[in-house]
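Engineer: Sharing a structure here in structure tokens format.
Since every read-out is calculated from the coordinates, none of them should be taken as a lab result. The structure presented is a predicted model; accordingly, all values stated were derived computationally and were not measured. Here the Cβ is made from the backbone with ideal geometry for all residues, glycine too, and neighbour counts use every protein chain on show.
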Amino acid sequence: MIKGFIFDLDGVLTDTAEYHYQAWKRMADKLTIPLDREMNEQLKGISRMDSLDRILALGNQTDRYSVEEKERLADEKNEDYKKLILDVTPADLLPGIAELLADLKAAGIRLALASASKNGPVIMEKLGIADLFETVVDPAGLKNGKPDPEIFIKGAEQLQLKPKECVGVEDAQAGIEAINAAGIFSVGVGTKEMMEKADYAVANTNELKLMDILKKANS
Ligand code: BG6
Ligand code: MG
């Protein structure tokens, strides 16, 4: 019996995954590192500093910067990103998400957020959906990022539910792996290829229908 949904944010509730890419792309260009959209798939769901480390590794620049310099680069990306999310409004919810959240509420299913983003709570406010979520996992308190299951296990705990009573929704490969490892039913949004490991996958958010998901998760 499913009692809770645990959502990723970027790329699931709103298209901020695109803004993360744009901000990282600008940083990568500056560092003369060839970041493209394919490589960007590997950054989805990954924390800010881990993303920077992956970009530096891509450019064979792993040892080029001190810890302090890397902090500065990560801050710079984040300032750039914050400018891109300034104008986020409820109209930026991805297609079908407002309906899905309304259906979940009507069904009495409880909601948690499991995003690696420290900007998550601000974006939820801007989207006008913060009040719908009972609890938000604080990414600053995590020992391990996705694909480790920690963030989804915490999400279930914060809802005081067992993993088996929850559904997790993700657009990142690392996120699907994290949900699966937590023993939670995984729903993926993305191409078949990217969402291969999801228990149930759809191509777009407007295909996320509560009844379809519950049928699959409870079967
Ligand atoms: C995840 C995104 O949700 O949050 C990643 O998929 C991002 O792309 C990560 O790097 C951390 O976000 P932030 O806002 O804390 O830099
Ligand atoms: Mg995401």
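Engineer: Tell me the relative contact order for the chain as a rounded percent, counting alpha carbon contacts under 8 Å between residues six or more apart.
Structural biologist: Relative contact order here is 27 percent.
Engineer: Size of the dipole of the chain about the Cα centre, Lys and Arg at +1 and Asp and Glu at -1 on the beta carbon, nothing else charged, in debye to 20? List each step's numbers first, then the result.
Structural biologist: On the way: 28 positive and 38 negative charges, 74 e Å.
Result for the chain is approximately 360 debye, rounded to the nearest 20.
Engineer: Residue by residue through the range 106-113, what is 3J(HN,Hα) from phi via Karplus (6.51 cos²θ - 1.76 cosθ + 1.60, θ = phi - 60°)? Round to whole Hz and write x for glycine and proline.
Structural biologist: So the J values, rounded to whole Hz, are 4, 7, x, 8, 8, 10, 10, 10.
Engineer: What are the lysines whose alpha-carbon lies under 20 Å from the alpha-carbon of K216, with same-chain residues fewer than 8 places away excluded?
Structural biologist: K3, K105, K162, K164, K192, K197
Engineer: Quick one: what are the phi-derived ³J(HN,Hα) couplings along the range 129-139, Karplus 6.51/-1.76/1.60 with θ = phi - 60°, whole Hz, x for glycine and proline?
Structural biologist: Whole-Hz 3J(HN,Hα) from phi for the range 129-139: 10, 4, 5, 6, 9, 6, 7, 10, 6, 7, x.
Engineer: Once the Cα gyration tensor of the range 69-195 is diagonalised, what are the square roots of 5 times its eigenvalues, in whole Å and ordered largest first, as equivalent ellipsoid semi-axes? Walk me through the numbers before you get to the answer.
Structural biologist: On the way: eigenvalues 110, 78, 45 Å².
Square roots of five times the eigenvalues give 23, 20, 15 Å.
Engineer: Run the Debye formula on the Cα coordinates of the chain, all scatterers equal and no solvent, and tell me log10 I(q)/I(0) at q = 0.09, 0.11, 0.14 1/Å.
Structural biologist: For the chain, the Cα-only Debye profile gives -0.34, -0.51, -0.82.
Engineer: Hey, another quick one. Could you tell me which of rounded, prolate or oblate describes the range 1-109, using a ≥ b ≥ c as the square roots of the eigenvalues of the alpha-carbon gyration tensor, with rounded for a/c under 1.5 and, failing that, prolate when a/b is larger than b/c and oblate otherwise? Could you put the intermediate results ahead of the total?
Structural biologist: Details: a/c = 2.74, a/b = 2.23, b/c = 1.23.
Taking the square roots of the gyration eigenvalues as a ≥ b ≥ c, the range 1-109 is prolate.
Engineer: Here's another thing I want to ask about it. Rounded, prolate or oblate: pick one for the range 140-188, where a ≥ b ≥ c are the square roots of the eigenvalues of its C-alpha gyration tensor, a/c under 1.5 means rounded, and failing that, prolate if a/b is larger than b/c, else oblate.
Structural biologist: Working: a/c = 1.97, a/b = 1.05, b/c = 1.86.
Since a/c reaches 1.5 but b/c is at least a/b, the shape of the range 140-188 is classed as oblate.
Engineer: Starting from the alpha-carbon convex hull of the range 1-65, give the projected area averaged over all orientations, in nm². Walk me through the numbers on the way to the answer.
Structural biologist: Details: hull surface 21.8 nm².
Across all orientations, the range 1-65 yields a mean hull projection of 5.5 nm².
Engineer: Per residue and in Å³, how big is the convex hull formed by the alpha-carbon atoms of the range 109-164? Intermediate results must be reported in sequence, preceding the final value.
Structural biologist: On the way: hull volume 4.4 nm³, N = 56.
That works out to 79 Å³ per residue.
Engineer: Follow-up question, since we're still on this one. For a test of the definition: using alpha carbon positions, the gyration tensor, and the 1.5 limit on a/c, classify the range 149-219 as rounded, prolate or oblate. All intermediate terms of the calculation are to be shown ahead of the outcome.
Structural biologist: On the way: a/c = 2.07, a/b = 1.33, b/c = 1.56.
Note, shape of the range 149-219 comes out oblate.
Engineer: If you bin every alpha carbon distance in the range 74-124 into 5 Å steps from zero, what whole percent lands in each bin?
Structural biologist: P(r) over the range 74-124, rounded to whole percents: 4, 15, 20, 23, 18, 9, 6, 3, 1.
Engineer: Looking at the chain as a GNM with Cα springs under 10 Å, which of Q160, Q42, Q22 has the largest mean-square fluctuation?
Structural biologist: Looking only at Q160, Q42, Q22, the biggest GNM fluctuation is shown by Q160.
Engineer: Let me ask another. Once phi is turned into ³J(HN,Hα) by the Karplus curve 6.51 cos²θ - 1.76 cosθ + 1.60 with θ = phi - 60°, what whole-Hz value does each residue of the range 50-58 show in order, with x for glycine and proline?
Structural biologist: 5, 5, 4, 4, 5, 5, 5, 4, 4
Engineer: Within the chain, what percent of beta bridges assigned by DSSP are antiparallel, to the nearest 5? Provide the component values of the computation, followed by the final result.
Structural biologist: On the way: 1 of 19 bridges.
Around 5 percent antiparallel, to the nearest 5.
Engineer: Continuing with this model, one more query. According to the Kirkwood expression over distinct Cα-Cα pairs, how big is the hydrodynamic radius of the range 38-93, in Å? The partial results should precede the final answer.
Structural biologist: Numbers: mean 1/r = 0.0785 Å⁻¹.
Across the range 38-93, the inverse of the average 1/r is 12.7 Å.
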